[in-house]
Amino acid sequence: MASSTKDVLDLRRAGTRQWVMKVPRFLMDHLTEQAKAGPNASLGTVIKSSGAASSSNGAASKAPALRGGSAGQSYTLTLPDDGNLPNNLPREYELRFTEPPPATYILSRTQGAPAHEGRVDGRGEIRPKDTQAYRNLIKERGELAGIRKAVETIEDDREIKKRALNHRAARLEEKAEKEKKVDQRQQKATLRGNKAKLSQSDLKIAIKTLFAGKEYVPRQEMLHLGSNQAISAALEELCDKVTTKGDPHYGDYKLKDAFRTG
C-alpha cells in the first residue's frame with residue numbers, strides 16, 4: 001500500500017550541506033529566543049579566521065574542508081549587536097570541528113511530516129573565546145552556584161542535625177538497655193549470694209524433702225538450695241536422671257530406691 005503524502009520523506013534538499021554543532025546551554029537559550037522572530041532573524045555571522053588553526057605539535061588540525069574552506073581553517077561565530085544581546089553574553093565564539101562519520105544526514109519532522117535537512121558536512125562544537133565578557137559570565141555563574149551550594153548546605157545541615165538527634169535518642173535507648181541488663185545480672189548475683197549455705201548432708205536432706213509425695217522433681221526446683229556444683233554432687237549420689245527421650249519426665253530426677261522410705 002502506498003504511503004500518504006504526509007509520510008513521504010522529502011529528499012529535495014539531500015545535497016544541502018549542514019553543520020552539526022555542540023552549543024553551550026546559555027548560548028542555545030539565547031539563539032532559541034532570537035529564532036522566535038521568524039526565519040529571517042539574524043542569529044549571527046560565521047567567518048573564516050585569518051590563518052590555519054594548528055595543534056599543539058605544530059601540525060595542521062584535521063578540520064574538514066567546509067563550504068570551500070581548506071582543512072585546518074578556523075571559524076568564528078559573532079552574534080549580532082542589535083540591542084537584544086544580554087550584557088553578560090559574549091559576542092564571539094570559536095568553532096572547532098572534527099571529521100563527521102561518512103554519509104551522515106540530518107532528518108527532522110515538520111508539521112507531522114518527515115523532512116530531510118541535508119548532509120552533514122562538518123561536526124564540532126562552539127566554544128566562547130577567552131574574553132572579558134566570558135570571564136565575567138563564568139564569575140557570575142560561579143557566584144550563583146556558590147549561593148545554591150550554600151542553600152543546599154543549610155538544608156543538608158538541618159538533615160544532619162535531625163539524624164544526630166535520632167542517633168542520640170538511639171544511643172540513650174541502647175544505654176538504658178545495657179543498664180537494665182546490668183541490674184538484672186546484679187539481682188541474680190544477689191539472689192545467688194542470699195542462698196542458704198547448707199552443708200552437704202543438709203543439702204541431701206533438703207533434696208529428699210522435695211521428693212515428699214513426688215516421684216519426679218526437675219532440677220529447676222533445686223537451684224535455690226545451693227551452688228550448681230554442690231547440687232550436682234548430691235544428685236549424683238541420691239538420684240537417677242530420666243534420659244529416655246519421649247518420656248514425659250525426660251531430664252527430671254527420681255530418687256534411687258535405696259533412699260526411698262515407705
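Okay, here's what the table says:
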| read-out | value |
| --- | --- |
| Of all residues making up the stretch 80-95, the number that are under 16 Å from residue 134 (Cβ atoms) and at pLDDT 85 or above | 4 |
| Hey, residue 188 in contact with a Gly (Cβ under 8 Å, 6 or more places away or on another chain), among the charged types (D, E, K, R) and at pLDDT below 85 or not | no |
| In the stretch 243-259, the residues that are more than 60 Å from the chain's Cα centre (by Cα) and farther than 14 Å from residue 204 by Cβ | 254, 257 |
| Index of the failed condition, residue 58 passing every other in (1) at pLDDT 55 or above; (2) exposed (fewer than 10 other Cβ atoms within 10 Å of the Cβ); (3) not polar (S, T, N, Q) | (1) |
| Candidate set: the stretch 99-144, residues that are surrounded by 15 or more Cβ atoms within 10 Å (Cβ to Cβ) and among the β-branched types (Val, Ile, Thr); chosen: the one modelled with the lowest pLDDT | 106 |
| Selection count, the stretch 233-262, where residues are at pLDDT below 90 and either surrounded by 13 or more Cβ atoms within 10 Å (Cβ to Cβ) or β-branched (Val, Ile, Thr) (or both) | 2 |
| Matching option when the condition is among the charged types (D, E, K, R) and part of a loop (DSSP other than H, G, I, E, B), among 245, 254 | 245 |
| Tabulated pairs, the stretch 23-47, first touching a residue at least 24 places away in the same chain (Cβ under 8 Å), second in a helix (DSSP H, G or I) and surrounded by 12 or more Cβ atoms within 10 Å (Cβ to Cβ), C-beta under 7 angstrom, 6+ apart or interchain | 43/31; 43/34 |
| Considering residues of the stretch 73-95 that are assigned to a loop (DSSP other than H, G, I, E, B) and among the polar types (S, T, N, Q) only, the residue surrounded by the fewest Cβ atoms within 10 Å (Cβ to Cβ) | 87 |
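Okay, residues lined up against (1) within 30 Å of residue 9 (Cβ to Cβ); (2) modelled with pLDDT under 75; (3) touching a Lys or Arg at 6+ places or on another chain (Cβ under 6 Å); (4) part of a loop (DSSP other than H, G, I, E, B):
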{"position": "31", "(1), (2), (3), (4)": "yes, no, no, no"}
{"position": "39", "(1), (2), (3), (4)": "yes, no, no, yes"}
{"position": "51", "(1), (2), (3), (4)": "no, yes, no, no"}
{"position": "62", "(1), (2), (3), (4)": "no, yes, no, yes"}
{"position": "65", "(1), (2), (3), (4)": "yes, yes, no, yes"}
{"position": "68", "(1), (2), (3), (4)": "yes, yes, no, yes"}
{"position": "97", "(1), (2), (3), (4)": "yes, no, no, no"}
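The values are calculated or read from the model by the stated rules, or taken from the named source; none is laboratory data. Small disclaimer: the values here were computed from a predicted structure and weren't measured. Positions of Cβ are generated from backbone atoms using ideal geometry, with glycine treated the same way; all protein chains shown enter the neighbour counts.
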